[in-house]
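Below is one structure, written out as structure tokens, with a few remarks after it.
The values are calculated or read from the model by the stated rules, or taken from the named source; none is laboratory data. Predicted model only: the values in this text are computed from it and were never measured. Neighbour counts are summed over all protein chains in view; Cβ atoms, including those assigned to glycine, are modelled from backbone coordinates with ideal geometry. Areas reflect the complete protein model, heavy atoms only, side chains present, ligands, DNA and RNA absent. Shrake-Rupley method; radii C 1.70, N 1.55, O 1.52, S 1.80 Å.
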Amino acid sequence: MNQPGLFITFEGIDGSGKSTQVKHLAKRLSDAGRDVVLTREPGGSKGAEEIRSLVLEGVPERWSAETEILLFTAARRDHMEKLILPALKEDKIVICDRFADSTRMYQGLSRGDLRKTVDSLTDLMITRQPDLTILIDLDPAIGLHRAKARNTKEERFEDFGITLQTQMRDGFLKLAQEFSHRFRTVNGGQPTKSLSEDIYAHVQKAMK
Ligand code: TYD
């Protein structure tokens with residue numbers, strides 16, 4: 001098919017249901033004949049997956065806030081170079097579970113106000129912004145409960161607890177206003193199927 005590539009990112013607090021929804025969306029678009037690349041951050045390329053375990057495992061205070069921003073940005077740069085940009089060049093639809101907006105929130109807000117640092121580094125190193133960002137909005141208590149039930153070793157951020165999740169939720173809603181040209185907010189508290197429908201409607205509009 002000769003349609004232009006589209007870069008879609010998903011954002012939201014831990015346990016907001018992003019991983020399920022990105023899979024549904026990828027399947028629906030492939031079933032409709034589109035060429036889809038489904039990926040996630042931190043990770044998505046070999047180098048970035050290696051960085052993933054450095055940032056998600058271990059004690060919450062493992063890295064300074066600034067080092068953490070550098071690690072996430074390094075992982076993202078590798079992911080862009082190796083996977084995202086080549087796929088967009090081939091006119092594919094790239095769906096990414098979390099992207100730079102997660103760094104703007106988690107690293108930019110959680111340990112002091114480092115938003116400017118994140119923005120500067122992102123401007124310098126990440127040349128392509130998403131065309132569409134789906135924000136799955138959810139009550140932080142429900143999100144944290146779901147995330148904790150998964151019981152993985154990647155719990156550094158979940159271990160910061162409900163205060164962080166609430167701060168992240170408010171931050172994401174503000175970010176959606178700031179970048180209103182590309183953000184669309186959907187209600188993560190509704191049943192999976194109707195949530196998928198809401199998301200698909202936004203994607204169809206973006207494809208036009
Ligand atoms: P993810 O694997 O998407 O977990 P979940 O499915 O619970 O959302 O993300 C793992 C964690 O990484 C999550 O707690 C948020 C954090 N994170 C950052 O702190 N900064 C970033 O830039 C990204 C991409 C993720």
Of the numbered conditions (1) of a type outside the set (Val, Ile, Thr); (2) within 11 Å of the ligand (Cβ to nearest atom); (3) open to solvent by 10 Å² or more (accessible area, probe 1.4 Å), GLU50 satisfies every one except a single condition; which is it? (2)
Looking at GLU90, GLU81, GLU154 in this structure, which one is open to solvent by 10 Å² or more (accessible area, probe 1.4 Å) and within 9 Å of the ligand (Cβ to nearest atom)? GLU154
If the requirement is being in contact with a strand residue (DSSP E or B) (Cβ under 9 Å, 6 or more places away or on another chain), open to solvent by 60 Å² or more (accessible area, probe 1.4 Å) and part of a helix (DSSP H, G or I), which of these qualifies: LYS205, LYS174? LYS205
Which residues, counting only those in segment 97-124, are among the small types (Gly, Ala, Ser) and crowded, with 20+ Cβ neighbours inside 10 Å? ALA100, SER102, GLY108
Starting from residues that are more than 30 Å from LYS205 (Cα to Cα) and not small (Gly, Ala, Ser), keep the ones in segment 125-151 and report whichever is surrounded by the fewest Cβ atoms within 10 Å (Cβ to Cβ). ASN151
Going by what's in this entry, would THR9 be described as open to solvent by 50 Å² or more (accessible area, probe 1.4 Å) and within 11 Å of the ligand (Cβ to nearest atom)? no
Among the residues of segment 23-43, how many are in contact with a Cys (Cβ under 8 Å, 6 or more places away or on another chain), open to solvent by less than 80 Å² (accessible area, probe 1.4 Å) and near the ligand (Cβ under 10 Å from one of its atoms)? 1
